[in-house]
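Report on the following structure.
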Amino acid sequence: MGTLIDINGLRKSYNEKAVLKGINLTVNKGEIIAIIGASGSGKSTLVRCIANLEQYQNGSITINGKKNSDYKSLNGILGMVFQNYNLFPHYTVLENITKPLQAVMKQSITDAEKKAKILLERVRLIDYKNQYPSTLSGGQKQRLAIARTLAMDPKIVIFDEPTSSLDPELAHEVFSTINELALEGQTMLIVTHQINAISHFATRVLFLNNGIIEEDGTCDEIFCNTANENLSSFLKMVEFDDLY
Ligand SMILES: Nc1ncnc2c1ncn2[C@@H]1O[C@H](COP(=O)(O)OP(=O)(O)OP(=O)(O)O)[C@@H](O)[C@H]1O
Ligand SMILES: [Mg+2]
């Protein structure tokens, strides 16, 4: 009970190059896990394996009690928010949420619009509902992407560097939305370099180095008290942003 993700002995390589070298991880309901680590350490590969967007060679991943198969089969269980939003450019803000609800969840247009409007209120985009994504700021696009992901009622939301292409002010808006989800108890995995922002609500932090989880602890343990030299030099490298 309570276990949403269970990973055992996960190994993945691209061609001959080992990228994930034996990952073991259990994520329980309600956990908000930040995943940090240098560029190339395997963060995106790990979350993409969890979301069934990548094949892997060894080990097992169980999501909500089931071995994973494909990304679509995770609808209603796991949703992913990407760095580059992946919005539908030819649909309005409202339609970006209603069209998948109609197509995937087989909802009526009335139900889909009702739900979309509640979500747009929540991410403060209701006034933009008839505009197209190209007319939104990066922060607004990302909040729309979050609303669209939430529309599927996922038990787990995974973010892969959701703010890395945004100016600090817009990143702040997006982190406020993520923070609200944290307060509501949404289980989340968040790959980010924004240590200050994440330290306000992460219940646990994983430090990935060279394809393994080298450290797994609370914000205090990871950010303030580490004896791990790889982690301390990584933290020195990361710019401590002043979002909050
Ligand atoms: N499709 C691919 N084909 C071949 N190699 C890949 C592919 N995707 C990732 N890699 C390699 O796998 C390693 C891990 O990449 P990954 O994208 O998981 O890193 P990351 O920790 O997310 O880095 P970043 O912080 O830059 O996003 C890198 O060495 C990368 O070059
Ligand atoms: Mg990445």
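The values are calculated or read from the model by the stated rules, or taken from the named source; none is laboratory data. Because the structure is a prediction, the values reported are computed rather than measured. Because the Cβ atoms are built from the backbone with ideal geometry, glycine has one as well, and the counts that use them run over all protein chains shown. Ligands, DNA and RNA are excluded from the accessible area calculation, which covers all protein heavy atoms including side chains. Shrake-Rupley method; radii C 1.70, N 1.55, O 1.52, S 1.80 Å.
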*asked:* Under the rule a/c < 1.5 gives rounded, and otherwise a/b versus b/c splits prolate from oblate, where does the stretch 65-187 land using the Cα gyration tensor?
replied: oblate
*Okay, which of the stretch 153-172 sit inside 19 Å, backbone N to the point 7 Å along the Cα-Cβ direction of Ser39?*
160-168
*With all protein chains modelled, accessible area of Lys66 [1.4 Å, Å²]*: 150 Å²
*Note down the accessible area of Phe82, probe 1.4 Å, to the nearest 10 Å².*
50 Å²
*Give me the number: length gained by fully extending Asp167 to Ser232, i.e. 0.36 nm times residue separation minus the C-alpha to C-alpha distance, one decimal in nm.*
20.8 nm
*Any chance you could look up the accessible area of His200 with a 1.4 Å probe, heavy atoms only, rounded to 10 Å²?*
110 Å²
*Nearest 20 debye, what's the magnitude of the dipole of the chain about its Cα centre given +1 on Lys and Arg Cβ and -1 on Asp and Glu Cβ?*
1060 debye
*Given charges at beta-carbon only (K, R positive; D, E negative), |dipole| of the stretch 88-153 in Debye*: 100 debye
*Scattering from the C-alpha atoms of the chain alone, worked out with Debye: what is log10 I(q)/I(0) at q = 0.12 1/Å?*
-0.69
*Mind running the shape call on the stretch 1-132? Use the C-alpha gyration tensor, a ≥ b ≥ c as the square roots of the eigenvalues: rounded below 1.5 for a/c, prolate if a/b tops b/c, oblate otherwise.*
prolate
*When Lys and Arg each count +1 and Asp and Glu each count -1, what net charge do the other residues less than 13 Å away from Val205, Cβ to Cβ, add up to?*
-4
*Note, ³J(HN,Hα) from phi for the stretch 66-79, Karplus 6.51, -1.76, 1.60, rounded to Hz, x at Gly and Pro*: 10, 5, 7, 10, 9, 4, 4, 5, 8, 4, x, 10, 9, x
_Could you tell me the calculated FRET efficiency between Met105 and Asn130, based on Cβ-Cβ distance and R0 = 30 angstrom, to the nearest 0.05?_
0.85
*With the calculation restricted to Cα positions, what are the radius of gyration and Dmax of the stretch 88-153 in angstrom?*
10.5, 30
*asked:* Once neighbouring chains are kept in place and the probe is 1.4 Å, which whole percent of the accessible area of the stretch 88-153 is contributed by carbon and sulfur?
replied: 52 percent
